[in-house]
Amino acid sequence: MLKKLASLVLALALVPVAAFSASAASAPAAIKVEYNKKAIVFPDQKPVIRDSRTLVPIRPIAESLGFDVDWNEKTRTVTINKGTNNVRLVVTQKIAKKNGQTINLDVPAQIINQRTMVPVRFIAEALSYKVNWDQATQTVLIADEQSSGSTASTEKPKDNTTEQKQEPAANAANLIDRSSIFAKTITIASFGLYRVSGTVEPGSDVTVTLEDKSFEVDVNSDGTFEFNKDTYDGIRNFTLKVEKGGKIDTFEGEFVKN
């Protein structure tokens, strides 16, 4: 009787262990990041996959690469500096600025667990490092551009994603008079007044996007337009989208501060 009781107790004790082991075995492997074959440590938020894109915490990676990282809570802007290189990106925007030049991101930077997360391609395209993906070990491999000899796939790490869709070439058109576009901002207390004006093809539909919000703009019969918006201070970039007859033209610019 005592032997049967002991066997029953042992069996019950092993049930949660077995369940835990099965659960752990089915869990996906954690994504790791290495720089020149040395692991980068993430003290809190780990890399994740969101919408089939690998997102990594930018601060520990950038600092491991020798960059200085600054965060502006008010404008939700990350600034990354190293030598003469300056990179800026705003959370929720799908563009970044490197030395004044626009870089398009697969997905916008976003906040997860109070950490700014960026698509891993940002490391290659904005910080100019070689980035590979080792599928077998679920590891993002970062290396200096001059480094060579990696046996990992040379494809950019997308974790079984599809390429970002681009507007078909047939839809491209010159609907915007780029030389006429002027954008300025004025700060009053903690508010910002934003104005974008210029000339587009008459009869076009015009949309101005500030961060993640888009606004339709009236166009005059001669193609001129003027967009005005007051909101919080700190927005530095805008996107102008013009459509007519199935054709699309876009323009990305920065506000000039008065």
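The values are calculated or read from the model by the stated rules, or taken from the named source; none is laboratory data. What you are looking at is a predicted structure, and each value in this text was computed from that prediction instead of being measured. Using ideal geometry, Cβ is built from the backbone for each residue, glycine included, and neighbour counts are taken over all protein chains shown. All accessible areas refer to the heavy atoms of the entire protein, side chains included, with ligands and DNA or RNA removed. Shrake-Rupley method; radii C 1.70, N 1.55, O 1.52, S 1.80 Å.
Residues to consider are Asn99, Asn113; find the one that is at pLDDT 85 or above and in contact with a Ser or Thr (Cβ under 9 Å, 6 or more places away or on another chain).
On inspection, the qualifying residue turns out to be Asn99.
Collect the residues in region 93-133 that are over 8 Å from the mean Cα position of the chain (by Cα), part of a strand (DSSP E or B) and closer than 16 Å to Val48 by Cβ, keeping them in residue-number order.
Scanning region 93-133 gives Ile111, Ile112, Arg115, Thr116, Trp133.
Of all residues in region 224-258, which are under 21 Å from the mean Cα position of the chain (by Cα), closer than 18 Å to Leu89 by Cα and open to solvent by 70 Å² or more (accessible area, probe 1.4 Å)?
Across region 224-258, the qualifying residue is only Glu254.
Which one of these does Lys3 not meet: (1) modelled with pLDDT of 85 or more; (2) in a helix (DSSP H, G or I)?
The one condition Lys3 does not meet is (1).
With the condition kept exactly as written, say whether any residue in region 37-55 is at pLDDT 80 or above, among the aliphatic types (A, V, I, L, M), in contact with a helix residue (DSSP H, G or I) (Cβ under 9 Å, 6 or more places away or on another chain) and more than 29 Å from Val256 (Cβ to Cβ).
Yes; the residues of region 37-55 include at least one that is at pLDDT 80 or above, among the aliphatic types (A, V, I, L, M), in contact with a helix residue (DSSP H, G or I) (Cβ under 9 Å, 6 or more places away or on another chain) and more than 29 Å from Val256 (Cβ to Cβ).
Could you grab me the full set of residues in region 57-77 that are surrounded by 18 or more Cβ atoms within 10 Å (Cβ to Cβ), at pLDDT below 90 and in a strand (DSSP E or B)?
Thr77, the sole residue that qualifies.
Give region 202-223 a look and list any residue that's over 17 Å from Ile95 (Cα atoms) and either open to solvent by 60 Å² or more (accessible area, probe 1.4 Å) or acidic (Asp, Glu) (or both), or say none.
Result: Gly203, Asp205, Glu216, Asp218, Asn220, Ser221, Asp222.
Considering only region 167-222, how many residues are farther than 16 Å from Phe251 by Cα, acidic (Asp, Glu) and either part of a helix (DSSP H, G or I) or modelled with pLDDT under 90 (or both)?
Residues flagged as farther than 16 Å from Phe251 by Cα, acidic (Asp, Glu) and either part of a helix (DSSP H, G or I) or modelled with pLDDT under 90 (or both) within region 167-222 amount to 0.
Report the residue count in region 185-201 for those that are exposed (fewer than 14 other Cβ atoms within 10 Å of the Cβ) and at negative phi.
Adding up the residues that qualify gives 4.
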